[in-house]
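Asker: Take this structure, written in structure tokens, and hold onto it; I'll ask about it next.
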């Protein structure tokens, strides 16, 4: 039972990090109608910035700040230089141009940093594990990540729901021409939204990179998971992204843990673990297919 | 070589450098064998896992340069750890460059893509690392030699060590791919205790929170894991964070010299199994470690040692036979008359090594992490597949 | 406004059409000439490369059918390519090991006969495309892109973690499969075989494009409502195109497996799906010979840039970005002219 709760926490943690990725993707799609494959590169940039600054200064916190700043800056530059030309293009052009950006960012980073993964150390104040009520031992840093993820989620909902920028964003999602007529500087709004999404991706990259590793190509598996998240949640919906991310995070974690033991009930152990692991790797895609059959527009999607 | 003007041959700076070295050495003079031997080395020099290929290459080339044999020419290409690139390179080396011997592949899946085709086209293949079970058993071939080990060996030794230490129950874990499955079955082949839990992780997985929770919950006496490359580094760092007090055993791959700095202090005290260690006490090894440190300014890894031995084996065969006479050259390779850095070395019936396998412990020596032999797990170990090989 | 015009239709704009046909003929002859020339001069490896171009062009032609003509941006075509490859690998594996694939309900043995392998591969590709297409075509636009991508990843992860056929290690085919009357291990004979298939596939697509089905497909791209008004369900037309496309791409996969004598999950990776799209945009989407032009250009760039710098993908990314932003007609558009679109 304790084990199950610990695994739920792990699922929650990976789900919240996915949410940080998916939120930016879904905002950019909702407001600008753009599909951005290079979002994973921004995640990678955040992680590398954190690793670089943390190694130079010895402070993880400066590294984290640098990751957010670097990803936001990279996002803003890319938006102004490239993405801006793509808003009126069809999705194929967007896919290809952002695919080209992935090649440029990945190979460029490899050029600068080489191929060997970098490893970040958890800051001393958050290292080790704590005992939670009920006697669960849990990594303090992972707990902090869960807290940070929840805070960002709340902040994002407040930003979209309560501020003037949020009003503009929501107006932009509903009707792009209208907000231009209202005298909003659309160019600036788009750059801002894009940079915000990039900053969230960069932050996720730094946090996840600290637990795992920082390397070229780290953003791509996460990007595809984030796509699954927003397809499940409904494209353009922040609420959908949150629900989708938690669903995917929990399905993935629990599938990996539970499926092998389920198969163990009626199969030989070695075969069960290997079949279970194979199916677990497909679990989230099966979840996505099921959601699509029931609701082709995603759980909270406005349009299909 | 097709040369750069056709733009097809991807000549790296390294290749060019080596060709000139070979030329320069030929002027100094060497032994007088009839036919020159051309070696094609396909290994991983970029992307994840590049450190393994770089060490393989550096170890191999150290032996080549020490020997100064003008009849040996080496062409080196990067497979980027992609099977289709490796296949393309081997086609190029066999069809255009006309090499006699192929070597250097680090990963089993790349070896499976290249080796069967190469040996069937009459080329020799000397494995510096990968030695999948398929090529040791039914798929063995007279032109295929593994100089490193058979893939299961280090896992078997870990199982033997766990038995010797009296660990009553073990948590065992590997990625869900053929080498991972071979790893766990190799471990169980020599482990007498009870397997508390057997877990397959996803290949390339970087977050091990779920598995660490299961390990903590299992109450096992010790943990055995096989997570090569970056997976092992991520796991060890997260393992250290989790603060679980449980002995850890694994094959040398996750505690090799090229990886230790990245894991850091978390690795100290871990027991790992290998057929070689930098502190192994024999003349050939002392010379190798000193020579490697002097030339490359770092400690050699297991892969460097394997590359070095492979080149020395090839050179020893060149002394005895002409590559044009494949039968004689094969016999010369089988004899394996060279001073291995591992000490005693011989080939079994399936042309895989028969050798001792040691248990090493990770230690911190003047701030540098390295390995030290603490026990011998298995003596003169061949492999489990030799019987299936009919050669 | 999305994709390009189809050069196969022989009506109107005479001069340009003629020019496009000259470019097409030059591309086909260029590939054949390159292969034969390399063979004559003993550059066996270049023959292998030319074969690779032809195979990738077949895969691209499959994608072109749904993308160029049907306007569906499938980001998961590596799935069919890989499934075709695995079909070839698995059939050959069982034949070479003398083990039946399954004995129930009927005995099914492996084979090393290329024509049989091609048919089975196409059937497998078509079946997978039917299932994935039926689900994905419930959506449009960006959903469609992401869903095809996700299904491709699903099959990729399955291939990696399913141990029976090598998993991540892949599956070697020790000896290239055979074709009656040919020695397929001879690079030039295999090359000729692949080129013949490429021309057959391009011919089939040209024929389809001109047929009633082809017109309906283009109509489905341009205006779904109008199609419905004349009593055709666009979903049905698109699904049929998707299935044919999957079969063609699977055929290319089977050939690719035989070229490398090896199949691995990397044939299923999303990078390959992206590269197939890149061939088309480089060549010029919607044009019959775009896949050949694109694949040829890509392989040539890989080897030319690769010879200059290990980081050739960086420069390739810049080039691709430039083409997408500023030169949307692709190579054929540049050479043959044609209506500017967009």
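The values are calculated or read from the model by the stated rules, or taken from the named source; none is laboratory data. If you're wondering where the values come from, they're calculated on a predicted model, not measured in any experiment. Cβ atoms come from the backbone with ideal geometry, glycine included; neighbour counts cover every protein chain shown.
Asker: Only one residue in A:61, A:111 is more than 10 Å from every other protein chain (Cβ to nearest Cβ) and in a helix (DSSP H, G or I), so which one is that?
Answerer: A:61 is the lone residue from the list that is more than 10 Å from every other protein chain (Cβ to nearest Cβ) and in a helix (DSSP H, G or I).
Asker: Additional query: Residue C:20: surrounded by 24 or more Cβ atoms within 10 Å (Cβ to Cβ) and at pLDDT 90 or above, yes or no?
Answerer: No.
Asker: Which count do you get for residues in segment B:224-258 that are within 24 Å of residue B:356 (Cα to Cα) and more than 10 Å from chain A (Cβ to nearest Cβ)?
Answerer: 16
Asker: How many of the residues in segment C:30-58 are away from chain B (no Cβ under 14 Å) and either within 30 Å of residue C:246 (Cα to Cα) or modelled with pLDDT of 90 or more (or both)?
Answerer: Of the residues in that region, 8 qualify.
Asker: Which one is farthest from the other protein chains (Cβ to nearest Cβ) among residues in segment B:44-72 that are at pLDDT 95 or above and touching a strand residue (DSSP E or B) at 6+ places or on another chain (Cβ under 9 Å)?
Answerer: Top of the filtered list is B:64.
Asker: List the number of the failed condition for residue A:50; all other conditions in (1) more than 22 Å from residue A:110 (Cα to Cα); (2) assigned to a helix (DSSP H, G or I) hold.
Answerer: Exception for residue A:50: condition (1).
Asker: Can you give me the ranges of the helices (runs of 4 or more DSSP H) entirely in segment C:161-256 with at least 1 residues that are within 14 Å of chain B (Cβ to nearest Cβ) and either modelled with pLDDT of 95 or more or under 17 Å from the mean Cα position of the chain (by Cα) (or both)?
Answerer: Where helices (runs of 4 or more DSSP H) fall fully within segment C:161-256 and carry at least 1 residues being within 14 Å of chain B (Cβ to nearest Cβ) and either modelled with pLDDT of 95 or more or under 17 Å from the mean Cα position of the chain (by Cα) (or both), they are C:187-210.
Asker: To continue, here is another question. So, residue B:328, is that one crowded, with 22+ Cβ neighbours inside 10 Å and either under 26 Å from residue B:37 (Cβ atoms) or not assigned by TED's automatic domain parsing to the domain that holds residue B:256 (or both) or not?
Answerer: No, not satisfied.
Asker: Residue A:299 is checked against (1) under 27 Å from residue A:126 (Cβ atoms); (2) touching a helix residue (DSSP H, G or I) at 6+ places or on another chain (Cβ under 7 Å) and fails just one. What number does that condition carry?
Answerer: (1)
Asker: Count, please, the residues in segment C:72-124 that happen to be surrounded by 24 or more Cβ atoms within 10 Å (Cβ to Cβ) and part of a loop (DSSP other than H, G, I, E, B).
Answerer: Residues flagged as surrounded by 24 or more Cβ atoms within 10 Å (Cβ to Cβ) and part of a loop (DSSP other than H, G, I, E, B) within segment C:72-124 amount to 6.
Asker: On to the next question. Wholly within segment A:210-304, which helices (runs of 4 or more DSSP H) include no fewer than the required count, namely at least 2 residues that are at the interface with another protein chain (Cβ under 9 Å from one of its Cβ atoms) and closer than 21 Å to residue A:17 by Cα?
Answerer: Counting at least 2 such residues, we get A:219-233, A:238-264, A:283-294.
Asker: For segment B:117-151, which positions are within 26 Å of residue B:54 (Cβ to Cβ) and away from chain C (no Cβ under 14 Å)?
Answerer: Result: B:123, B:124, B:126, B:127, B:128, B:129, B:145, B:146, B:147, B:148, B:149, B:150.
Asker: Moving on to the next point. Listed residues B:39, B:75, B:85; which is more than 24 Å from residue C:299 (Cβ to Cβ) and assigned by TED's automatic domain parsing to the domain that holds residue B:295?
Answerer: B:39
Asker: Okay, moving on. All but one of (1) under 22 Å from the mean Cα position of the chain (by Cα); (2) at pLDDT 85 or above; (3) crowded, with 19+ Cβ neighbours inside 10 Å hold for residue C:271, so report the exception by its number.
Answerer: (3)
Asker: A follow-up question, please. Out of curiosity, is residue A:89 in a loop (DSSP other than H, G, I, E, B) and either within 13 Å of chain C (Cβ to nearest Cβ) or more than 20 Å from residue A:203 (Cα to Cα) (or both)?
Answerer: So residue A:89 passes the test.
Asker: Is there a residue being free of Cβ contacts under 8 Å to residues at least 40 places away in the same chain and at negative phi anywhere in segment A:208-219?
Answerer: Yes, some residue in segment A:208-219 is free of Cβ contacts under 8 Å to residues at least 40 places away in the same chain and at negative phi.
Asker: Related question: Determine, yes or no, whether residue A:97 is crowded, with 16+ Cβ neighbours inside 10 Å and assigned to a helix (DSSP H, G or I).
Answerer: Yes: the conditions hold for residue A:97.
Asker: Still on this structure, please answer the following. Could you say which residue among A:36, A:121 is surrounded by fewer than 19 Cβ atoms within 10 Å (Cβ to Cβ), within 11 Å of another protein chain (Cβ to nearest Cβ) and in contact (Cβ under 8 Å) with a residue 60 or more places away in the chain?
Answerer: A:121
Asker: Assigned to a helix (DSSP H, G or I), away from every other protein chain (no Cβ under 14 Å), farther than 18 Å from residue A:34 by Cα and at pLDDT 90 or above: is that true of residue A:147 in this structure?
Answerer: yes
Asker: Of the residues that sit in segment C:102-142 and are modelled with pLDDT of 85 or more and within 14 Å of another protein chain (Cβ to nearest Cβ), which one is farthest from residue A:296 (Cα to Cα)?
Answerer: Among residues in segment C:102-142 that are modelled with pLDDT of 85 or more and within 14 Å of another protein chain (Cβ to nearest Cβ), the one farthest from residue A:296 (Cα to Cα) is C:128.
Asker: Regarding segment B:77-91, can at least one residue be identified that is under 24 Å from residue C:176 (Cβ atoms) and away from chain C (no Cβ under 13 Å)?
Answerer: So far as segment B:77-91 goes, no, none of its residues is under 24 Å from residue C:176 (Cβ atoms) and away from chain C (no Cβ under 13 Å).
Asker: Next question, about the same structure. Please state which one of B:374, B:341, B:354 is in contact (Cβ under 8 Å) with a residue 60 or more places away in the chain and within 17 Å of the chain's Cα centre (by Cα).
Answerer: None of the other options fit; the residue is B:341.
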